[in-house]
Amino acid sequence: MKHKVKMLEEIVIETNAMVIALTESHLRSDILEAEIGMVEFQAYRADRSEGKKKGGVIVYVKRDIAARTRVISCGSNSVVEYVVLHVSSINLVIVTIYRPPTCKLAEFKSIMNKIKEELNTLGDPAPTVVMNGDFNLPIIKWESLEVYGGSADPASKTTA
C-alpha cells in the first residue's frame, strides 16, 4: 500500500496555521524565495553562514498577519541563527533560534542579550513573547536557571 506524503504547505492549509517556525532549514543565500515560498505565507529567514552546511531558521507568517508584522532583528553570529518578529495587531513577538550543539554558551548568550535589548525597546504594553527553536541545551535546571553547555563546553555552567 502506498502512502501519500503531504507537503508542508498542504498540512499548513489543512490546520489553518498562522505561523510556522522551522529550524535546521539548511538554506543558503543562493536559494531564492520563489523556491521555498508558500502562496499564502510570507517567509522570514536567517540563513547559515557561508561554509556551514547545517542550521538556519525560517518563519512563515500568513500574509494577512504579515502585513502587520515587522522584523525586529534577525541574523547570525556565524554560530547561532535567529529571527525575531513583532505582530503589532496582536502585540505578539515570535523568536525563533537555532543553536548548534557545538555552540559555546558565550556565543549563545551574546545573541540572547541582543534579543533582550531589542525586546526592551518595544515599550508598553509589553508584548506576549513566544520563543521557539532548537537550542541544543542538554541540561537546564529551570528552578535555578542554570544552564550546562552543549558539546563545545560540556563542563561549563552559567546562570541565565
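Just so you know, all these numbers are worked out from the coordinates, no wet-lab data involved. Here the structure is a predicted model, which means the values were calculated and not measured. As a convention, Cβ positions derive from the backbone with ideal geometry for all residues, glycine included, and neighbour counts pool all protein chains shown.
Note on Lys116: aspartates and glutamates with a C-alpha under 19 Å away, same-chain residues under 8 apart excluded, are Glu81, Glu107, Asp124, Asp134, Glu146. Remark: Leu85, Leu119 ranked as Leu119, Leu85, counting other beta-carbon atoms within 10 Å and listing the fewest first. Among the trypsin sites (Lys or Arg not before Pro) in segment 31-87, those placed in a DSSP loop whose Cβ has at most 13 other Cβ atoms within 10 Å are Lys53, Lys54, Arg68.
Which value results when the Cα radius of gyration for segment 8-159 is divided by 2.2 N^0.38 Å? Spell out each step's value before the answer.
Working: Rg = 16.1 Å, N = 152, 2.2 N^0.38 = 14.8 Å.
So the Cα radius of gyration is 1.08 times the expected 2.2 N^0.38 Å.
Which of Asp124, Asp47, Asp134, Asp64 has the fewest other C-beta atoms within 10 Å, and how do the rest follow up to the most?
Working: Asp124 5, Asp47 21, Asp134 17, Asp64 11.
In order of increasing Cβ crowding within 10 Å: Asp124, Asp64, Asp134, Asp47.
Residues of segment 5-46 with amide nitrogen under 16 Å from the 7 Å Cα-to-Cβ point of Thr128? Within reach of a label on Thr128: 17-20.
By the beta-carbon count within 10 Å of each Cβ, the least crowded to most crowded order of Val84, Val39, Val57, fewest first, is Val39, Val84, Val57.
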